[in-house]
1. Identify all residues within segment 435-464 that are over 15 Å from Arg422 (Cα atoms) and within 44 Å of the chain's Cα centre (by Cα); write none if there are none.
2. Touching a strand residue (DSSP E or B) at 6+ places or on another chain (Cβ under 7 Å) and surrounded by fewer than 16 Cβ atoms within 10 Å (Cβ to Cβ) - does that describe any residue in segment 185-195?
3. Suppose the filter is at pLDDT 85 or above, more than 30 Å from Val501 (Cβ to Cβ) and either among the aliphatic types (A, V, I, L, M) or in contact with a strand residue (DSSP E or B) (Cβ under 7 Å, 6 or more places away or on another chain) (or both); does Leu276 pass it?
4. Return the residue satisfying two criteria in turn: it lies in segment 331-345 and is within 48 Å of the chain's Cα centre (by Cα) and under 19 Å from Met372 (Cα atoms), and of such residues it is surrounded by the fewest Cβ atoms within 10 Å (Cβ to Cβ).
5. Going by the structure shown, is Glu436 within 30 Å of Ala461 (Cβ to Cβ), exposed (fewer than 13 other Cβ atoms within 10 Å of the Cβ) and either at pLDDT 70 or above or in contact with a strand residue (DSSP E or B) (Cβ under 6 Å, 6 or more places away or on another chain) (or both)?
6. Show me the helices (runs of 4 or more DSSP H) found entirely inside segment 164-265 where at least 3 residues are in contact with a helix residue (DSSP H, G or I) (Cβ under 9 Å, 6 or more places away or on another chain), of a type in the set (A, V, I, L, M, F, W, C) and closer than 30 Å to Leu153 by Cα.
7. Mind listing whichever residues of segment 439-468 are surrounded by 13 or more Cβ atoms within 10 Å (Cβ to Cβ), part of a helix (DSSP H, G or I) and β-branched (Val, Ile, Thr)?
8. Looking at segment 40-59, I want the residues that are aliphatic (A, V, I, L, M) and have a partner that is at pLDDT 90 or above and part of a strand (DSSP E or B) with Cβ atoms under 7 Å, at least 6 apart or on another chain. Which pairs are those?
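The values are calculated or read from the model by the stated rules, or taken from the named source; none is laboratory data. What you see is a predicted model; the values in this text were computed from it and never measured. Here the Cβ positions follow ideal geometry from the backbone for every residue, glycine too, while neighbour counts run over all protein chains shown.
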Amino acid sequence: MGKINSYNACIYARLSRDDGDKLESDSIINQKALIRDFLSKHPEIHAVSEKTDDGYSGVNFDRPAFQEMMDEIRSGKINCVVVKDLSRFGRNYIEAGNYIERVFPFLGVRFIAINDNYDSLDRNQSDSLIIPFKNLINDAYCKDISVKIRSQLEIKRKKGQFLGAFAVYGYLKDEEDHNKLVVDTYASEIVRAIFKWKRQGMSQGRIADKLNMQGVLCPMEYKISLGMKVQTNFRVHKKALWSQTAVTRILSNEIYTGVLVQGKQGTPNYKIKKILPKDEAEWIRVEGAVPVIIDRDTFDSVQMILKKDIRIAPEEEVVYPLSGYLKCGDCGQNMVRKSYNAGGKAYSYFICSTRKAGKGCSTHTIREDELMDMVLQSVSKQVDYICEMEKLLDIVDSIPESQMNVFNYDAQIVRLKEDIERYKSFKLKLYENLQEGLIGQDEYFLFKKSYATKITEAEAAIQAIENEREQAVSRNRDSLAWMEVFKKYRNVSAVDRCMVVDLIRQINVFEGGKVEVVFRHGDEADKVVKILEHLPEDFRDSQAV
């Protein structure tokens, strides 16, 4: 670079918490003060521009102020760049080296890093080795900080601590612990209403319309009403409204069951800032991390509805009770509802969609009123059957865990306690054997230590088995909780949408009017039957289902 008598300089400063910068010593004010002090001693350098990237990582050079500075360099406004040190310029040693070694010399720019004693106008042979090493150290430091931050965030997620900027609609951040969510009394009721309306047969679009008609603020507007600073690029109207997408997002969010799922997306590494989705296997799920707003059975039933192809007639508010649940038992396709008028009265029936489209299958239809009666009878029988099992809920605690889990915990505990007593007896006899000369002193201490160890191990095993037994009983209680759903319909007299959603998985209609109702929780019911089969005969006779 040729000798120039006067330089027009840009004072460049940068600070980022992401890079682990020391906020006090590396503050923007301190950086600029140090640079101005330096320039006061170099009258040939005139500061004509100042650029600041506050809150931007040094890993990449796609920073607004830095790019503005480069534009001024290309336009000829400045021909000198002054920074506090190389780490303020950048922490990517490849990019930083490219600018210092190639770009700036090509553009005729003098580069000065004060604390690193680097001036491109007065460089010596050692600089070619020292500067790349310093840039490499800065890069490595940034990588180390990134790894530590990622590890800390990972630990927090696994502990069930909430790391989002805003609480999910229905919750608020705890005022004393912002990594903990508490139920928002008002918004949680809106969430419950949304799930209730969906179970009753309303579409997401109709639910959104209903919320807007009632004047309920959508999640974004609700956050703003609470004083939160929310920015979005998706606002279409002056005031954002509920939409089908917003309702669907709530209906499909597992957090309302108490499960916190985090880490769904992230950056590949510390140099690439683009956020990308992660594989589901990498997500971090923590059960019971937040308070429950929607019970698991209700949530699962709604997820099942969301997967079905359900359409609402234009003149109707909700879907027909069996919509989305009817399948042709012969070809597996959906059954289609058709209506006709006869004698001034409206009738409805169902026909296989394959047959209706002329693509085969057999000609079989079934009237809606007949089908509803058959479904009601089938549901009533299933509910009666489940209610007969109800007594199991009362005797869970009395059924030995060995019979409930095919694992005899009590027998193991009894055996271990017998072993402990036997080892204690052996320890008592050891001293007698020592006194009688049957064993030596070394053998005495060796056996004594061995028996003490075995006693400790047996006591630890008993504690572990008791803990496992307690968990098994808890699992048994949870496994029978689904019965409560069926018990709600003990005196059912008509088929409605909620009942269908709660109890039925699918209804198959065959030629000849045969109907098969496939109920939810069928596997759980089979498990209860197997439990009964494993009970002793005299116990089964006294508690017969």
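1. Once the filter is applied, which keeps residues that are over 15 Å from Arg422 (Cα atoms) and within 44 Å of the chain's Cα centre (by Cα), segment 435-464 yields Ala460, Ala461, Ile462, Gln463, Ala464.
2. No, because not a single residue in segment 185-195 is touching a strand residue (DSSP E or B) at 6+ places or on another chain (Cβ under 7 Å) and surrounded by fewer than 16 Cβ atoms within 10 Å (Cβ to Cβ).
3. No; evaluated as a whole, the condition is false for this residue.
4. Ser339
5. no
6. Of the helices (runs of 4 or more DSSP H) lying wholly inside segment 164-265, those with at least 3 residues that are in contact with a helix residue (DSSP H, G or I) (Cβ under 9 Å, 6 or more places away or on another chain), of a type in the set (A, V, I, L, M, F, W, C) and closer than 30 Å to Leu153 by Cα span 244-251.
7. The answer is Ile455, Ile462, Ile465.
8. Matching pairs, first to second residue: Ile45/Tyr7; Ile45/Ala9; Ile45/Cys80; Ala47/Ala9; Ala47/Ile11; Val48/Asn8; Val48/Ala9.
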